[in-house]
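To start, the structure itself, in structure tokens.
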Amino acid sequence: MRTKSLLLLLALFMGFAPLRADEGMWLPMLISRLNQRDLQKMGLQLTPEEIYSVNNSSLKDAIVSLGGGFCTGEIISGQGLMLTNHHCGYDAIAAKSSLENDILTNGFWAKDKGQEIPIEGLFVSFLVRMEDVTSKILPQLEGIESESERSAKIAEIGQQLAEEATTGTHYEAEVESFYVGNEFYLFVYENFNDVRLVGAPPSSVGKFGGDTDNWMWPRHTGDFSMFRVYMGPDGKPAPYSTDNIAYKPKHFLPISLKGVQEGDFAMTFGYPGSTDRYLTSFGVEQAIAKKNPTVVAIREAKLSVLRKDMKASDAVRLQYASDYASIANYWKYFIGQTEQLIANDVKTSKEKLEAEYLKWASATPERNAKYGNALEMIKQGYAITDGVVISNTYVLEGGLLGAGSVLFTYRFNKALEDLLKMPEGDEKDTRRDELKMAAAQHFEAVNIPTDRALFAATTTMYAENVPEAQQPEFLRDAKSETFAEWQKYADNVYSKSIFTNQDRLNAFLDKPSAKKLTKDPMKKAAEDFFGIYRNVGQANAEPNEMIRKGNRLFIDGLRQMYPEKIFYSDANSTMRASFGNVRDYQPKDGVTYDYYTTIEGIMQKMDNSDDEFMVPDKLVELYKAKDYGQYADKNGDLRVNFISTNDITGGNSGSPVINGKGELIGLAFDGNWEAMSGDINFEPSIQRTISVDIRYVLFMIDKVAGAKNLIEEMTLVRAENPKAPPTSAQDAPVASPTMN
Ligand code: ARG
């Protein structure tokens with residue numbers, strides 16, 4: 001079926017604006033199923049085989065997921081050089097910052113490989129291959145009625161398939177469910193865990209605009225950082241060692257210096273974490289009315305505690321920079337999501353689709369028997385979870401993740417209980433030393449007074465907003481009412497517990513006593529929170545099963561209802577590609593937002609008294625001299641960010657934006673405010689991906705940081721006109737943009 005009639009059908013399906021090719025996160029293996037003519041018309045010049053191939057090197061070999069999926073990165077040289085966002089490297093950069101050498105604030109560039117900084121715990125995964133295993137799973141599920149048994153069976157078979165796929169190799173594999181358990185795919189990965197920091201711009205560039213500009217367009221952020229992947233001398237993954245050598249990729253991305261124009265083809269490739277595009281109207285209602293405002297309120301309280309302490313002390317600022325950034329990121333996300341779910345009237349579009357579905361489902365007795373009840377099941381499921389969703393949100397956001405001591409205590413306590421059971425001897429002494437080291441690490445990362453303030457703030461809110469019957473026992477027993485009382489309560493817990501003071505913990509490790517452990521107040525709090533968490537899990541098991549089963553049938557039904565439509569599955573941290581075009585948009589009547597921003601905007605926003613809008617001197621200098629080298633656009637301006645119609649979400653951060661020839665043109669790093677409901681409903685006319693123009697990245701590395709060694713390592717593709725004069729970094733190799 002061709003696009004025209006497909007579009008009509010889709011318009012019907014969505015009940016409003018016609019859907020464009022831009023919506024959808026596609027499994028690279030399935031790109032060949034999409035209409036190639038349409039993709040070519042959009043501007044794609046690569047074949048599906050050049051994008052995804054198991055036998056030959058292809059685009060997919062240059063794309064990695066970071067740390068199991070929190071972000072995406074891409075390889076841009078034959079020596080394992082990897083680019084991602086600044087906000088993706090943020091935790092690593094902050095962890096390697098100190099008062100003496102604050103690379104988070106000042107930036108950092110390794111002059112040679114010897115200066116690169118190993119990042120413990122960071123790993124990258126390359127996708128080796130993927131396989132449709134639906135036919136190996138679905139037939140074995142026939143006759144299973146209960147959703148939990150079904151899930152257990154899927155997990156069991158998935159485990160087997162993953163083992164079969166990796167025996168005799170160093171690979172790891174996973175089976176993931178698509179379309180809520182209607183299809184299954186196996187993914188085989190090769191993980192590398194020697195990853196080193198190569199460089200990062202100062203925060204004033206990498207996070208320019210701060211929380212004020214976050215999730216907003218127009219934007220002026222240099223959101224990039226650079227790492228290098230290392231492998232053992234044998235070419236296999238190896239833990240950090242000075243013997244390791246730079247990773248030799250099967251493919252790396254050439255970098256385009258040609259820039260983007262309105263309408264240009266743009267493709268993203270990466271690891272989107274999760275979307276809820278098939279969420280029903282009932283789920284939308286619950287998000288708006290209950291879940292989102294609760295998340296926002298708890299995060300707001302935590303942020304205000306952190307803000308105060310971080311302002312008062314530079315050491316605390318570095319300790320909590322990364323925590324603060326991630327709490328703030330989704331604090332603003334949920335504010336925006338609620339606002340835009342309402343503004344874009346997402347509930348009504350969902351209701352329209354549900355009405356269509358019901359009509360379809362009740363058309364024949366067979367359909368009715370299988371699909372007729374799906375929405376009712378979902379509705380009832382939500383009605384039950386409505387009663388506990390607030391307390392669930394509290395136990396997570398305000399309990400287990402409220403103050404850092406809680407999770408630490410829960411885990412460390414388990415280790416202590418094991419230690420208590422060990423007979424005296426060398427083994428126990430070794431374990432004791434290990435635990436002392438782990439404790440030292442923890443106490444270096446937290447500031448106990450800040451943590452105590454977080455504990456006081458979140459317990460106060462917990463007690464005020466959660467029905468007493470759903471509160472953890474220690475909170476009910478505390479019988480505190482006012483904030484002052486809760487503060488006193490927190491002071492008491494923190495002054496007694498062995499888990500909130502390194503000396504007390506060390507003393508305990510030297511002379512462990514079961515009795516002392518039993519009476520510890522932080523242990524009690526941590527265990528109570530976990531108890532509630534487990535209870536909630538049990539209480540929710542049944543309604544969640546109803547919702548899940550309903551959703552599975554709903555999606556299955558939708559796919560039959562519109563057999564010509566190729567449905568994409570929700571994001572689930574597996575590799576996806578999205579296709580779009582560089583495009584401006586109208587945020588409201590009479591207003592158009594251009595598709596790119598320039599350094600002019602940085603100067604307009606500049607305010608060196610506000611740490612969100614500071615501009616490094618060197619950048620101002622180059623701006624005044626208009627010294628942008630080969631990174632200027634045709635008019636001599638320096639472009640900073642641009643937008644395109646690509647469909648991305650969290651996890652895609654750092655994803656390459658690639659032109660029709662497979663060359664890197666930008667790094668995706670955000671979405672826009674007007675479409676903050678986009679994870680639940682794609683908004684074709686206003687939803688945009690925000691990316692850093694790759695020329696701004698190169699300008700920062702070359703002209704601002706002076707790291708020409710890195711520019712030389714990359715493959716730059718200059719304007720089609722071979723006479724175009726290269727200006728700086730002249731020696732960079734110029735490649736013909738073919739896939740190798
Ligand atoms: N909103 C972006 C995302 O989740 C992160 C942007 C980071 N910048 C910031 N100012 N917090 O992908």
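The values are calculated or read from the model by the stated rules, or taken from the named source; none is laboratory data. This structure is a prediction, so every number in the text was calculated from the model and none was measured. Cβ atoms come from the backbone with ideal geometry, glycine included; neighbour counts cover every protein chain shown. Keep in mind that these areas ignore ligands, DNA and RNA; they rest on the heavy atoms of the full protein, side chains included. Shrake-Rupley method; radii C 1.70, N 1.55, O 1.52, S 1.80 Å.
Filtered by the rule that a residue be surrounded by fewer than 24 Cβ atoms within 10 Å (Cβ to Cβ) and within 16 Å of the ligand (Cβ to nearest atom), segment 628-655 gives Thr649, Gly650. Summed over segment 48-60, the residues that are open to solvent by less than 10 Å² (accessible area, probe 1.4 Å) and either closer than 16 Å to Gly222 by Cα or part of a helix (DSSP H, G or I) (or both) give a count of 3.
Summed over segment 242-261, the residues that are buried (at least 19 other Cβ atoms within 10 Å of the Cβ) and not aliphatic (A, V, I, L, M) give a count of 9. Within segment 291-314, the residues that satisfy the criterion of being assigned to a helix (DSSP H, G or I), over 22 Å from the mean Cα position of the chain (by Cα) and over 17 Å from Asp91 (Cβ atoms) are Ala301, Ser304, Val305, Arg307, Lys308, Asp309, Lys311, Ala312, Asp314. Scanning segment 606-627 for residues that are touching a residue at least 24 places away in the same chain (Cβ under 8 Å), part of a loop (DSSP other than H, G, I, E, B) and more than 33 Å from the chain's Cα centre (by Cα) gives a single hit, Asp627.
Among the numbered conditions (1) crowded, with 23+ Cβ neighbours inside 10 Å; (2) within 16 Å of the ligand (Cβ to nearest atom), the only one that Ile76 does not meet is (2).
Screening Thr430, Thr364, Thr348 for residues that are modelled with pLDDT of 95 or more, of a type in the set (Val, Ile, Thr) and within 29 Å of Ile288 (Cβ to Cβ) leaves exactly one candidate, Thr348. The number of residues in segment 215-227 being more than 12 Å from the ligand (Cβ to nearest atom) and either open to solvent by 10 Å² or more (accessible area, probe 1.4 Å) or in contact with a Lys or Arg (Cβ under 6 Å, 6 or more places away or on another chain) (or both) comes to 1. Residue under question is Asp477, and the condition is that it be charged (D, E, K, R) and open to solvent by 10 Å² or more (accessible area, probe 1.4 Å); does it hold? So Asp477 fits the description; yes. Candidates in segment 79-94 are the residues that are closer than 22 Å to Lys250 by Cα and either among the aliphatic types (A, V, I, L, M) or in contact with an Asp or Glu (Cβ under 7 Å, 6 or more places away or on another chain) (or both); of these, the one that is nearest to the ligand (Cβ to nearest atom) is Leu83. Within segment 304-321, does at least one residue satisfy the condition of being modelled with pLDDT of 95 or more, over 30 Å from Ser98 (Cα atoms), among the small types (Gly, Ala, Ser) and in contact with a helix residue (DSSP H, G or I) (Cβ under 7 Å, 6 or more places away or on another chain)? No, every residue in segment 304-321 fails to be modelled with pLDDT of 95 or more, over 30 Å from Ser98 (Cα atoms), among the small types (Gly, Ala, Ser) and in contact with a helix residue (DSSP H, G or I) (Cβ under 7 Å, 6 or more places away or on another chain). Contact map, segment 82-100: first residue touching a residue at least 40 places away in the same chain (Cβ under 8 Å) and assigned to a helix (DSSP H, G or I), second residue within 15 Å of the ligand (Cβ to nearest atom) and open to solvent by 40 Å² or more (accessible area, probe 1.4 Å), Cβ cut-off under 8 Å, separation 6 or more or different chains; pairs are His86/Lys207; His87/Lys207; Cys88/Phe70; Tyr90/Lys207. Against the test of being at pLDDT 95 or above and either assigned to a helix (DSSP H, G or I) or more than 30 Å from Asn465 (Cβ to Cβ) (or both), the options Ser391, Ser405 yield a single qualifying residue, Ser405. For Gly381, the test of being open to solvent by less than 70 Å² (accessible area, probe 1.4 Å), within 32 Å of the chain's Cα centre (by Cα) and more than 16 Å from the ligand (Cβ to nearest atom) is passed.
Results for (1) within 16 Å of the ligand (Cβ to nearest atom); (2) open to solvent by 20 Å² or more (accessible area, probe 1.4 Å); (3) over 24 Å from Arg583 (Cβ atoms), shown as yes or no for each residue.
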| site | (1), (2), (3) |
| --- | --- |
| Phe178 | no, no, yes |
| Asn191 | no, yes, yes |
| Asp194 | no, no, yes |
| Ser204 | yes, yes, yes |
| Asp213 | yes, no, no |
| Ala266 | no, no, no |
| Val284 | no, no, yes |
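State whether the residues of segment 628-644 include one that is under 21 Å from Leu83 (Cα atoms), in contact with a helix residue (DSSP H, G or I) (Cβ under 6 Å, 6 or more places away or on another chain) and not in a loop (DSSP other than H, G, I, E, B). Yes: segment 628-644 contains one or more residues that are under 21 Å from Leu83 (Cα atoms), in contact with a helix residue (DSSP H, G or I) (Cβ under 6 Å, 6 or more places away or on another chain) and not in a loop (DSSP other than H, G, I, E, B). Just for segment 339-373: of the residues that are within 30 Å of Leu306 (Cβ to Cβ) and open to solvent by less than 30 Å² (accessible area, probe 1.4 Å), which one is nearest to the ligand (Cβ to nearest atom)? Restricting to residues being within 30 Å of Leu306 (Cβ to Cβ) and open to solvent by less than 30 Å² (accessible area, probe 1.4 Å), the top hit is Gln340.
A single entry from Lys436, Lys379, Lys414 fulfils the requirement of being within 30 Å of Arg299 (Cα to Cα), basic (Lys, Arg) and in contact with a helix residue (DSSP H, G or I) (Cβ under 7 Å, 6 or more places away or on another chain): Lys379. Take Arg129 and decide whether it is assigned to a strand (DSSP E or B), out of contact with any Gly (no Cβ under 6 Å at 6 or more places or on another chain) and open to solvent by less than 60 Å² (accessible area, probe 1.4 Å). So Arg129 fails the test. Look at (1) over 21 Å from the mean Cα position of the chain (by Cα); (2) under 30 Å from Ile154 (Cβ atoms); (3) not charged (D, E, K, R) and you find that Phe187 fails only one, number (1).
Consider segment 286-335 and keep the residues that are within 16 Å of the ligand (Cβ to nearest atom) and of a type in the set (Val, Ile, Thr). The one that is most open to solvent (accessible area, probe 1.4 Å) is Ile335.
Could we say that Met461 is assigned to a helix (DSSP H, G or I) and within 20 Å of Ile298 (Cα to Cα) here? When the stated conditions are applied, Met461 passes them.
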